[in-house]
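The structure appears right after this line, and notes come after that.
The values are calculated or read from the model by the stated rules, or taken from the named source; none is laboratory data. In this text, all values refer to a predicted model and were calculated from it rather than measured experimentally. Cβ sites come from the backbone with ideal geometry, for glycine too, and all protein chains shown count toward neighbours. The accessibility values were calculated without ligands, DNA or RNA, using every heavy atom of the protein model including side chains. Shrake-Rupley method; radii C 1.70, N 1.55, O 1.52, S 1.80 Å.
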Amino acid sequence: MGESALLASETVPAPNAPVVVEARGLGVAFETDGQRVNALTSVDLTIRRGDFVSLIGPSGCGKTTLLRAIADLQAPSGGTLTVNGMSAAEARRARAYGYVFQAPALYPWRSVARNVMLPLEIMGMARGERTERAERYLRLVGLGDFARKFPWQLSGGMQQRVSIARALCFEPTLLLMDEPFGALDEITRDGLNLHLHELWRRTGMSVVFVTHSIPEAVFLSTRIVVMSARPGRIIDVIDSPLGAARALGIRESAEFLAVAHRVREGLRAGHSYD
Amino acid sequence: MRQIRGSAVFAAVLALASAGIARASLPGAPAFALLASLVALPLLVLALARFARRDTLAARLASPALFGALLLWLWEMLVLGLHIPFVLLPPPSAIAAAFVTHLGTLATDFRQTYLHAVIAGYALGCGAGFAVALAVDRSPFLRRGLLPLGNLASVMPIVGVAPIMVMWFGFDWPSKAAVVVVMTFFPMLVNTTAGLAATGAMERDLMHCYAAGYWPTLLKLRLPASMPFVFTALKLNSTLALIGAVVAEFFGTPILGMGFRISTEAARMNMDIVWATITVAALAGSLSFGAIALIERAATFWHPAFRR
Amino acid sequence: MVSVLGILTVLWYALAIPLNAPRLDLDETAGLSTLASAAWSMDRPVLPAPHQVVAELWTSVLFHPLTSPRNLLYHAWVTLSAALAGLGIALVLGIALAVGIVYVRTLDRSLMPWVIASQTVPVLAIAPMVVVVLGTLGITGLLPKAAIAGYLAFFPITVGMVTGLRAPDPLQLDLMRTYSAAPSAVFTKLRWPMSLAFLFPGLRVAVALSLVGAIVAELPTGAQAGLGARLLTGSYYGQTIQLWAALVMAALLSIVALLGVAMAERAVLHARGGRL
């Protein structure tokens, strides 16, 4: 994917765009002390090229488990799951996705630029191109001047932006994000949400985004997947009526509040107090 | 089913290994010994791998035991098979025989070196180190002056003071105990001081909120928090103490003691006695280390390293 | 630090008087100053005064050629070279064992307890014997001493490296998995750089231990050169000043070796922007 593709679509994906992730009857179970716990049961989900899908739900609803299953960090116990038409393991070996963790997970002994270059080194890219890529993507996340710093010299928000640059720099078509902004303060989070939204619009890639925050999910997503716990399952999928271009002010609009209300109702319905 | 297979393999290995050793010790059966080792070795390794995958206590004990048996057996085989001279490395069977024959001598040496020098020196050195650490902790002056010296001394070849101690305190065990005191003092000092400083800011603030003075803070918070460090020093010192006592005996001793036995019998090329003495030292070292580790487990059960 | 050193020096001088006094042929009426000056200038004192030790070091180092056995630096070099060779052995052995223990579960379970047990054995006790035995086979000089130093020094390196190679947290390992990185890449990009922070504390202990090993290996073996041999001859012939000078030289050697480790650590730190 070149520079042209980076600046591709400006619109919400068409309904017939190619399928990126497809789950049918997907289940994940854990064994602990001989007891089987269903973390995820019968999940049906289709994600198309250009989608921004948020997974939202209470702790233990399996949203991170679903993300880890797509990334082949967690083996499913039932159902089918394809990523780019391949099995999740094949997709991982083909380096089909970038993954952003809850914490930046930067290596403290590597400078910011060399942290971004890490996947490129592992994938065997030539030195010149590595340097160029790292520079380009650090500029993209607004950290062009910090390439020679070390991670601990940066604020938490900046570290997470480095980790996003690291996930983007090998230009995957799919970005998986596991509560990437969960540990940040509200103001930083707003800024990064806007930043991520811009990135998504400019690159036209698909994003799967795990979050606790209703405003964050509604602001970023083209589709919001509401999940519930015990057992982990999908209880509602909401197609966002909001347009492709969004600014933070949109969060006071009636449309936005209506979507947020529906998400909250879904979460409440799925929440049992037993 | 898997367990039955595992124990079958284990039994087969033991049978073959003992047969191999028995035949190898007899002259004139090298072919059989070679065959036995060829078959038994892979089986033994297989059994090891099998035990390593289990998490039961028996398996955890069995794999190092099996590995030890493997080492001993290889040792015996190699020494006999390659005709390694007796002075260089006697076979384990000869060492075991010497151990039994010279049990009386070994016991006297053990009493002299371990029960007298090591235990007295260890208790004095660790106790003094601990006490001085408390003083250092209390006084900023001592901390600034004594602690850098302590840090330096704990990485110095302290054992070199052995000849001086022998000159000062005579040939008998007190001079050895003195070496042990000097050797164990500094690790205890450095570790305890580090341990007393190891409490978190929040925990100390809590004591501050209670308006707790020096002594309550020391007893309720800082001493318990320092225990993992103290035990690290105790374990380290248990090894150092034995080394100190044995080496000090190289510089002069009445005609008994483990260091004396090792140096004189080595000079006479009685390697089986030397190795038997080393076995005693190894057993004493391992057992005291193990005992301290057990006490540590009971005393600092709350430490993350022991939580389950 | 300076003031404490000063106090210790004064204490040393003070202690030298009662310790050395019984060996002096002075009548009861001698004043303290006569007593002190006599006690501080004995030929074979029980406790030599600091200036005597310094003077011994000074003349030995400055007024004899470097290749002469009367120069203490010559002996220091003999010991240091054995210790450094031992440290090299310890590094190779220690790191290899750590990699084996981290990557092979069977080795973790069966070998690790023996690595720990190997240190509860008073290795130094067998050091002279190893030298004697290897000597009878014609293997003399540096190698036996280096072997003992290496055996002693490998343990802290192994323990540090095992901890360090296991230090990456699940998140960092997952990251490598999302790149479908080969095991070799996980080692070179993650485990190895991470373990360096754990290598240096172990290395400091290993340096000290390798010196101890080299010195003790020189003890009752009839070795002609090395600080251990100086300690032993000093002890046999009651040459306390020579003995103390050798001891001080051993301490200085230890400091130099530790400075070397500190410099290596600083170089690595520098490449990493000041943090391990």
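Details
- Residues that are over 30 Å from B:PHE141 (Cβ atoms) and assigned by TED's automatic domain parsing to the domain that holds B:GLY170 number at least 1 in the following helices (runs of 4 or more DSSP H) confined to region B:193-308: B:223-249, B:258-267, B:271-299.
- All of B:GLY104, B:GLY145 fail the test of being at pLDDT 75 or above and surrounded by 14 or more Cβ atoms within 10 Å (Cβ to Cβ), apart from B:GLY145.
- Complete set of residues in region C:239-276 that are within 14 Å of chain A (Cβ to nearest Cβ) and without any contact (Cβ under 8 Å) to a residue 12 or more places away in the chain: C:ALA267, C:LEU269, C:HIS270, C:ALA271, C:ARG272, C:GLY273, C:GLY274, C:ARG275
- A:ALA245 surrounded by fewer than 19 Cβ atoms within 10 Å (Cβ to Cβ) and assigned by TED's automatic domain parsing to the domain that holds A:ALA23: yes
- Residues of region C:97-107 that are more than 7 Å from chain B (Cβ to nearest Cβ) and over 16 Å from C:PHE198 (Cβ atoms): C:GLY100, C:TYR103, C:VAL104, C:LEU107.
- Hits in region B:258-303 (condition: more than 9 Å from chain C (Cβ to nearest Cβ) and among the small types (Gly, Ala, Ser)): B:ALA276, B:ALA291, B:ALA293, B:ALA298, B:ALA299
- Residues within region A:140-169 that are part of a loop (DSSP other than H, G, I, E, B) and buried (at least 18 other Cβ atoms within 10 Å of the Cβ), tallied: 6
- Residues that are in contact (Cβ under 8 Å) with a residue 24 or more places away in the chain and surrounded by fewer than 23 Cβ atoms within 10 Å (Cβ to Cβ), drawn from region B:219-229: B:ARG222, B:LEU223, B:ALA225, B:MET227, B:PRO228, B:PHE229
- Residue in region B:184-204 that is modelled with the highest pLDDT, counting only those that are closer than 22 Å to B:GLY244 by Cβ and open to solvent by 20 Å² or more (accessible area, probe 1.4 Å): B:PHE185
- Meets criteria (outside any helix (DSSP H, G or I), within 30 Å of C:GLY273 (Cβ to Cβ), free of Cβ contacts under 8 Å to residues at least 60 places away in the same chain and within 14 Å of chain C (Cβ to nearest Cβ)) for A:TRP109: yes
- All conditions but one from (1) under 28 Å from C:SER195 (Cβ atoms); (2) open to solvent by 10 Å² or more (accessible area, probe 1.4 Å) apply to A:ALA134; the one that does not is (2).
- A:VAL225 meets all of the listed conditions (1) out of contact with any strand residue (DSSP E or B) (no Cβ under 6 Å at 6 or more places or on another chain); (2) β-branched (Val, Ile, Thr); (3) in contact (Cβ under 8 Å) with a residue 40 or more places away in the chain but one, namely (1).
- Residue within region C:142-163 that is without any contact (Cβ under 8 Å) to a residue 60 or more places away in the chain and outside any helix (DSSP H, G or I) present: no
- For region C:214-262, filtering for residues that are open to solvent by 10 Å² or more (accessible area, probe 1.4 Å) and assigned to a loop (DSSP other than H, G, I, E, B) leaves 7.
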